[in-house]
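**Q** Below is a structure I'd like to ask you about.
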Amino acid sequence: MIEGQEGVTWEHWCALAGACEEHGVDTLFRSDHYISQANEDANVAHDAWTTIAALAARTRTLRLGTLVSPVTFRAPALLANAAATADRVSGGRIELGLGAGWMEREHRAFGFPFPETAVRMEMFAEQLEIVHRLWTEDHVSFRGRHYLLVHAPGLPKPVQAPHPPILVGGSGSRGTADPAARFADEYNTPFATPDAFAQVKRKVELACERAGRDPATMRVSVMTGCVVGATREDALERARRLYDRRPREHPFDEWLAGFERHSAVGSVDEVAARLQQYADAGCDRVMLQHVLHTDIEPVRLIGRELAPRL
């Protein structure tokens, strides 16, 4: 999981995707933002779906997706077409992550609408349904509070059948869990401890039960920070570099203690033990946030050393 708004150039993306395929990392997710949280005057933020489509043409096996695309950035028909187009370019390797959006600063900066949370949740529920239907129906008519479609052709269809996996990002609230239970394949929550993840998973299971869906058919995953090294000393050196990327309120040791509560930090063995805690809590997969994106060695460690131990 790469924070694409933090200065990830096209050359960096090519190196990351190449390393993933070389070292057996199955899926490369990226954030969908237009402005940096660390240094908005210097860090480039390329468009998520343009980047994914370009990487789809350069790779052969790597799955690609957003974690997650805010509903405030694109009309649902545009998003459905963009993701389906990328799925065709890739030969069926795209995953669509969808969320309600949260970073107010980028909306104000670039003129994206940023209504109150309740309204964004309504937009999310409508957009999720529309994208799903455009991918699975011949024509779609829809009249909601925020979107209107009139006999829209459901084209282009994606390669994957019945559609690319749809992933919903959230914290287990009914505003995201209930629509996900109707239309999504996976529910992802960010930066949750194993205990907090278990609580979110239970909320998602209850949403599935309310929708009359077997909870076992919904994957539930977590996105967590990851700083891994061949040894703990290597990992701590990377953690120091991560700390130095921006001004911090607390000294390094205090920051690290807080970071480790919600992330996987340490040697390959230590990170494997942390991920096992998520597995024990019922987690289906973990997206590892790699912020030091110019450092390719952690990609090798994840694919060659960490994955075989899980």
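The values are calculated or read from the model by the stated rules, or taken from the named source; none is laboratory data. Owing to the predicted nature of the structure, the values given are computational and were not obtained by experimental measurement. Neighbour counts run over all protein chains shown; Cβ positions are idealised from the backbone, glycine included. When the accessible area is computed, the model is the full protein with side chains, heavy atoms only, and any ligands, DNA or RNA have been set aside. Shrake-Rupley method; radii C 1.70, N 1.55, O 1.52, S 1.80 Å.
**Q** If you go through region 168-187 one residue at a time, do you hit one that is touching a Gly at 6+ places or on another chain (Cβ under 6 Å), assigned to a helix (DSSP H, G or I) and open to solvent by less than 10 Å² (accessible area, probe 1.4 Å)?
**A** Yes: one or more hits.
**Q** Here's a follow-up. For region 245-291, give me the residue count where each residue is over 17 Å from Phe191 (Cα atoms) and not in a helix (DSSP H, G or I).
**A** 8
**Q** So for region 70-79 (the condition being of a type in the set (Lys, Arg) and in contact (Cβ under 8 Å) with a residue 40 or more places away in the chain), does at least one residue qualify?
**A** no
**Q** Please verify whether region 104-124 includes one or more residues that are over 26 Å from Ser171 (Cβ atoms), among the polar types (S, T, N, Q) and surrounded by fewer than 20 Cβ atoms within 10 Å (Cβ to Cβ).
**A** No: zero hits.
**Q** May I pose another question? Can you tell me how many residues within region 56-113 are more than 16 Å from the chain's Cα centre (by Cα), within 26 Å of Ala17 (Cα to Cα) and acidic (Asp, Glu)?
**A** 1
**Q** For region 132-154, how many residues meet the condition of being within 28 Å of the chain's Cα centre (by Cα) and free of Cβ contacts under 8 Å to residues at least 12 places away in the same chain?
**A** Residues meeting the conditions: 1.
**Q** Please go through region 1-35 and pick out each residue that is over 18 Å from the mean Cα position of the chain (by Cα) and among the hydroxyl-bearing types (Ser, Thr, Tyr).
**A** Listed by number, the list holds a single entry, Thr9.
**Q** Could I ask something else about it? Given the conditions (1) over 24 Å from Phe197 (Cβ atoms); (2) under 23 Å from the mean Cα position of the chain (by Cα), and given that Gly225 satisfies all but one, which numbered condition is not satisfied?
**A** So Gly225 meets the others, but not (1).
**Q** Here's a follow-up. Could you list, in sequence order, all residues of region 128-167 that are in a helix (DSSP H, G or I) and open to solvent by 30 Å² or more (accessible area, probe 1.4 Å)? Give the steps one after another, and end with the answer.
**A** Filtering region 128-167 for residues in a helix (DSSP H, G or I) gives 128-136.
The answer is Glu129, His132, Arg133, Thr136.
**Q** Return yes when Arg93 is basic (Lys, Arg), under 17 Å from His46 (Cα atoms) and either in contact with a Gly (Cβ under 7 Å, 6 or more places away or on another chain) or buried (at least 17 other Cβ atoms within 10 Å of the Cβ) (or both) and no when it is not.
**A** no
**Q** Within region 83-92, can one find any residue that is touching a helix residue (DSSP H, G or I) at 6+ places or on another chain (Cβ under 7 Å), part of a helix (DSSP H, G or I), among the polar types (S, T, N, Q) and under 23 Å from Glu186 (Cα atoms)?
**A** Checked against the condition, which is being touching a helix residue (DSSP H, G or I) at 6+ places or on another chain (Cβ under 7 Å), part of a helix (DSSP H, G or I), among the polar types (S, T, N, Q) and under 23 Å from Glu186 (Cα atoms), region 83-92 yields at least one hit.
**Q** Continuing with this model, one more query. In region 168-217, what residues are among the small types (Gly, Ala, Ser) and over 16 Å from Ala125 (Cβ atoms)?
**A** Applying the first criterion (among the small types (Gly, Ala, Ser)) to region 168-217 yields 169-173, 175, 177, 180-181, 184, 192, 196, 198, 207, 211-212, 216.
Residues satisfying the conditions are Ala192, Ala196, Ala198, Gly212, Ala216.
**Q** Follow-up question, since we're still on this one. Do you know which residues across region 206-244 are basic (Lys, Arg), open to solvent by 90 Å² or more (accessible area, probe 1.4 Å) and not in a helix (DSSP H, G or I)?
**A** Residue satisfying the conditions is Arg219 alone.
**Q** Tell me, yes or no, whether region 4-20 has at least one residue that is in contact with a strand residue (DSSP E or B) (Cβ under 7 Å, 6 or more places away or on another chain), farther than 28 Å from Pro115 by Cβ and free of Cβ contacts under 8 Å to residues at least 40 places away in the same chain.
**A** Taking every residue of region 4-20 in turn, none turns out to be in contact with a strand residue (DSSP E or B) (Cβ under 7 Å, 6 or more places away or on another chain), farther than 28 Å from Pro115 by Cβ and free of Cβ contacts under 8 Å to residues at least 40 places away in the same chain.
**Q** With exposed (fewer than 15 other Cβ atoms within 10 Å of the Cβ), over 30 Å from Asp41 (Cβ atoms) and not charged (D, E, K, R) as the only criterion, which of Pro308, Pro251, Pro247 stands out? Please lay out each step first, then the result.
**A** Working: Pro251 fails: over 30 Å from Asp41 (Cβ atoms); Pro247 fails: over 30 Å from Asp41 (Cβ atoms).
Going through Pro308, Pro251, Pro247 in turn, the sole match is Pro308.
**Q** Look at region 272-291 and say how many of its residues are aliphatic (A, V, I, L, M), open to solvent by 20 Å² or more (accessible area, probe 1.4 Å) and either more than 28 Å from Thr217 (Cβ to Cβ) or touching a strand residue (DSSP E or B) at 6+ places or on another chain (Cβ under 6 Å) (or both).
**A** Going through region 272-291 one residue at a time, the tally reaches 4.
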